[in-house]
1. Can you tell which of Gln136, Gln45 is assigned to a helix (DSSP H, G or I), in contact with a helix residue (DSSP H, G or I) (Cβ under 9 Å, 6 or more places away or on another chain) and without any contact (Cβ under 8 Å) to a residue 40 or more places away in the chain?
2. Which is at pLDDT 90 or above, of a type in the set (D, E, K, R) and closer than 30 Å to Leu118 by Cβ, of Glu90, Glu68, Glu74?
3. Would you check which residues across segment 87-101 are open to solvent by less than 20 Å² (accessible area, probe 1.4 Å) and part of a helix (DSSP H, G or I) and list them?
4. Which members of segment 118-168 meet the condition of being modelled with pLDDT under 85, open to solvent by 100 Å² or more (accessible area, probe 1.4 Å) and of a type outside the set (Lys, Arg)?
5. Kindly establish whether Thr80 is open to solvent by 90 Å² or more (accessible area, probe 1.4 Å), of a type in the set (Val, Ile, Thr) and at pLDDT 90 or above.
6. Of the conditions (1) open to solvent by less than 50 Å² (accessible area, probe 1.4 Å); (2) in contact with a Leu (Cβ under 8 Å, 6 or more places away or on another chain); (3) acidic (Asp, Glu), Glu64 clears all except one; give me its number.
7. Collect the residues in segment 102-117 that are part of a loop (DSSP other than H, G, I, E, B) and open to solvent by less than 50 Å² (accessible area, probe 1.4 Å), keeping them in residue-number order.
Amino acid sequence: MYRATVTTPQPEQDVRDQASGSEGSSGHSGPSAPARGTRVRGTKQAQALAAALDSLPGFCSAQEIHAELRRKGEHVGLATVYRHLQALSEQGSIDAIRDASGEILYRQCETSVHHHHLTCRSCGRSVEVEGRAAEQWAARVAAEAGFTDVGHTFELFGLCPECAGQPG
């Protein structure tokens with residue numbers, strides 16, 4: 001069973017911009033930069049990671065992404081892949097969900113606006129969804145409790161149309 005735990009930082013720019021070292025043009029300050037050593041720089045490794053994320057369908061584990069890099073002849077260590085994925089996820093440049101086993105899976109964002117995912121608990125297919133009502137609810141609950149600068153995680157899962165039509 002897949003359980004999607006969706007990270008929610010506002011993306012400042014996509015992974016291709018991060019890999020090429022170009023600056024975002026959104027005009028929004030975004031989250032603060034990660035600690036030194038976890039920032040994604042315009043290195044050959046970052047460019048290779050961006051290409052791998054673009055070529056892989058759906059959500060993949062860091063190990064699967066690392067294997068794809070190795071298949072393409074790239075010499076990037078697994079620890080480097082984990083560091084880059086973590087930094088890109090914190091920046092909101094890639095989507096990250098947690099599967100039923102607790103492993104974090106990653107994919108290239110299809111949109112640069114804040115969103116959530118609805119994930120099939122049978123096949124793992126995931127679609128991006130807007131959650132305006134959920135956003136308003138989270139803001140209201142936080143305000144009523146006197147909290148500020150609140151983030152959130154929403155888990156949305158069910159059966160996709162194909163899996164729902166299959167006999168159990």
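The values are calculated or read from the model by the stated rules, or taken from the named source; none is laboratory data. Everything numeric here is computed off the predicted structure, so don't read it as measured data. Neighbour counts are summed over all protein chains in view; Cβ atoms, including those assigned to glycine, are modelled from backbone coordinates with ideal geometry. The area values use the complete protein model at the heavy-atom level, side chains included, leaving out ligands, DNA and RNA. Shrake-Rupley method; radii C 1.70, N 1.55, O 1.52, S 1.80 Å.
1. Going through Gln136, Gln45 in turn, just one is assigned to a helix (DSSP H, G or I), in contact with a helix residue (DSSP H, G or I) (Cβ under 9 Å, 6 or more places away or on another chain) and without any contact (Cβ under 8 Å) to a residue 40 or more places away in the chain: Gln45.
2. Only one candidate qualifies: Glu68.
3. If the condition is that a residue be open to solvent by less than 20 Å² (accessible area, probe 1.4 Å) and part of a helix (DSSP H, G or I), then Ala87, Leu88, Ser89 are the ones that fit.
4. Those that are modelled with pLDDT under 85, open to solvent by 100 Å² or more (accessible area, probe 1.4 Å) and of a type outside the set (Lys, Arg): Glu130, Gln166, Pro167, Gly168.
5. When the stated conditions are applied, Thr80 does not pass them.
6. With respect to (1) open to solvent by less than 50 Å² (accessible area, probe 1.4 Å); (2) in contact with a Leu (Cβ under 8 Å, 6 or more places away or on another chain); (3) acidic (Asp, Glu), Glu64 is out only on (1).
7. Residues satisfying the conditions are Gly102, Cys109, Thr111, His114, His115.
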